[in-house]
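Below: one structure, written as structure tokens.
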Amino acid sequence: MLITPLSSPVSATSSWSLCLESIREIVGPSSYDTWFRTTEFSRTPDGLPCIEVPNQFFADFIEEHFAELIKKTLTQHGIDSQGLRFVPTQREWKSMQPRAENAIAKTQVKPIPHPVECCSQFHPNYTFETFVVGDSNRMAHAASLAVAEAPGKTSFNPLTIYGGTGLGKTHLLQAIGHYAMTEMTAENVLYISCQEFTNEYINYVIHKKDSTSFYRKFSQVELLLIDDIHFLSGKPGTQKEFFRIFNNMLLENKQIVLSSDRAPEKIPDMMAHIINRFMGGLTTDIQPPNFETRMAIIRKKAGAALPDEVAQYIAGHITSNVRELEGTLVKLIASASFFGKDISLDMAKEIFGDVISRQDLRLTIDLIKKKVSEHFRMSVNQLSAHTRKRDVVIPRSIAMYLCKKWTKQSLRTIGLEFGGRDYSTVIHACKKIESEIETDAQMRRDIEELEKTISPLA
Ligand code: ADP
Ligand code: MG
């Protein structure tokens, strides 16, 4: 199909609408809504075609992922795509006002100082400047920055960041709040963990018998950051209240950012309409950092004082959790200064010996037995005892299931390790647990908690 080349802004706009329709067909409605709904076609002062997008993050993302598609579509619609640019609409305004002036100008319009409570919610170290960006968290970081720059004005509302423990979710939520407060992109910012949210709600209901006042607390908030939202699982009352607050904020174009330890649709016992609402914004994950990112994190946290071989040793051994990476670094630096020695590879090996051997131990049958028996407050020996008492059989079946799932041991070995049982007993136990995970919320919670303690992400 060939359409008359653009000659006036009117035809440019209408041809771009046609292009958008074609693009929507190709990328699907969800991608379209996130990336294209707010775009406009225009021309630079020197006449080059350009697509206006909400901010730099959009510009970079669209250029990287959709430039070819857009060029092809423009050409199909008779528009010369040569020299196509992606331009943030906010750029002009931003570059015209240096930061300080910008802040002053805004202060004059809004002279009310931020309440101290608001600032103290944010950990001074959890900022965008201290966050190391790598392939594992690039999208989450970029989306967070976009939201911090223009809360409620992007299509990332709500923004949901999910991933395993110690991978930087809280850091990013805090960085958004910190940025919004210091750059004054939002006036009333609230960071709250889901646990605090739930406790407050329960408090209001029990002591004040009045959830309206609880609700009122959130009515002034422009940017709401709720950490660890998976904590709402299995709490229908709190979910209902959360949904009410959440909906009203979205209706008023106020920004919501959430974190979760898993993808929203995988949170058990969560109302379907809440999950659907999450899906209406942007959901992005954080993966464990790769070697290069781990090296960059170590460098950022330890500075240049750390010899390369030590940094490589640590990055090579602590692979899945930034919190652990940080903890071991602190231990190393503290110990070096305590003994008044320079940090060396030998010292690192000595200090990390226990951490690393702990990691090696992690996925052995012994470790699983230990964790399961601690969880059910029984002795390790009881797990192998020849009894059919339910309060032994269930933990034993769980332990067998976890061994099958997480160790490389054969069913025969697993059976032997649990009081010399036959491998068919192990199969039977695993099937039983698998089916109970589907039907029994308590079983799911037990397994999840145990998996957290035995997995490398713990
Ligand atoms: P989560 O909330 O995902 O469990 P946190 O945000 O608490 O993880 O991160 C754990 C620790 O690791 C924090 O001290 C945080 O500053 C640090 N951290 C995680 N990711 C990064 C990163 N990409 N760059 C710098 N520090 C990081
Ligand atoms: Mg956290």
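The values are calculated or read from the model by the stated rules, or taken from the named source; none is laboratory data. This is a predicted model, so every value here is computed, not measured. Cβ: placed from backbone, ideal geometry, glycine included. Neighbour counts: every protein chain shown.
The figures follow:
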| read-out | value |
| --- | --- |
| Some residue of region 360-379 being under 30 Å from Ala143 (Cβ atoms) and under 30 Å from the mean Cα position of the chain (by Cα) | no |
| Only listed residue being modelled with pLDDT of 95 or more, more than 16 Å from ligand 2 (Cβ to nearest atom), among the hydrophobic types (A, V, I, L, M, F, W, C) and assigned by TED's automatic domain parsing to the domain that holds Gly168, chosen from Ile256, Ile274 | Ile256 |
| Residue that is modelled with the highest pLDDT [pool: residues in region 332-353 that are surrounded by fewer than 11 Cβ atoms within 10 Å (Cβ to Cβ) and in a helix (DSSP H, G or I)] | Asp346 |
| Options Asp346, Asp285, Asp269: the member that is free of Cβ contacts under 8 Å to residues at least 60 places away in the same chain and of a type in the set (D, E, K, R) | Asp346 |
| Test: residue in region 309-322 that is more than 16 Å from ligand 1 (Cβ to nearest atom), modelled with pLDDT of 90 or more and part of a loop (DSSP other than H, G, I, E, B) | no |
| Close pairs (7 angstrom Cβ cut-off, 6 or more residues apart or separate chains): in the same structural domain as His428 (by TED's automatic domain parsing) in region 380-398, aromatic (Phe, Trp, Tyr) anywhere | Leu383/Phe418; Ser384/Phe418; Pro395/Phe376; Arg396/Phe418 |
| Cβ-Cβ under 7 Å pairs, at least 6 apart or on other chains, region 224-242 side of a type in the set (Gly, Ala, Ser), far side assigned to a helix (DSSP H, G or I) and more than 11 Å from ligand 2 (Cβ to nearest atom) | Gly234/Ala441 |
| Qualifying residue in region 364-384 (condition: hydrophobic (A, V, I, L, M, F, W, C), at pLDDT below 80 and assigned to a helix (DSSP H, G or I)) | no |
| Qualifying residue in region 198-213 (condition: assigned by TED's automatic domain parsing to the domain that holds Ala140, among the small types (Gly, Ala, Ser), away from ligand 2 (no atom under 16 Å from the Cβ) and touching a residue at least 24 places away in the same chain (Cβ under 8 Å)) | yes |
| Members of region 121-148 found to be among the small types (Gly, Ala, Ser) and within 15 Å of ligand 2 (Cβ to nearest atom), listed by number | Ala140, Ser144 |
